[in-house]
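Down below is the structure, laid out as structure tokens.
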Amino acid sequence: MYQYRWMQQDYNLSLMVDEFYSGTDVAGHTLDLSTRVTDSTSTILSLVTRQSLSNPEFGHLWIAYLTLRQDF
């Protein structure tokens, strides 16, 4: 799954709330790769990058995390 978000300053947060984008005035990409290990177990690798729209000199914030999900 791939997503791109561009939220201008003072964007309505009730429509899109995501801890990785931490508010408004940001743009970023999210890529999720998942695979099923067994019928009830899956793994998800998530890569996120975000950048401030008003202060692009701050550079990109990169986040990578791995999730192991077990359904009962």
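Database remark: amide H of VAL26 closer than 5 angstrom to the amide H of MET7, LEU53 (H placed geometrically; neighbours at sequence offset of 5 or more, or on other chains; Pro and chain starts carry no H). Extension gain for ARG69-GLN3 works out to 21.6 nm (0.36 nm per residue, less the C-alpha to C-alpha distance).
Every number in this text was worked out from the coordinates using simple rules, so none of it is lab data. From a predicted model like this one, the values you see are computed outputs, not experimental measurements.
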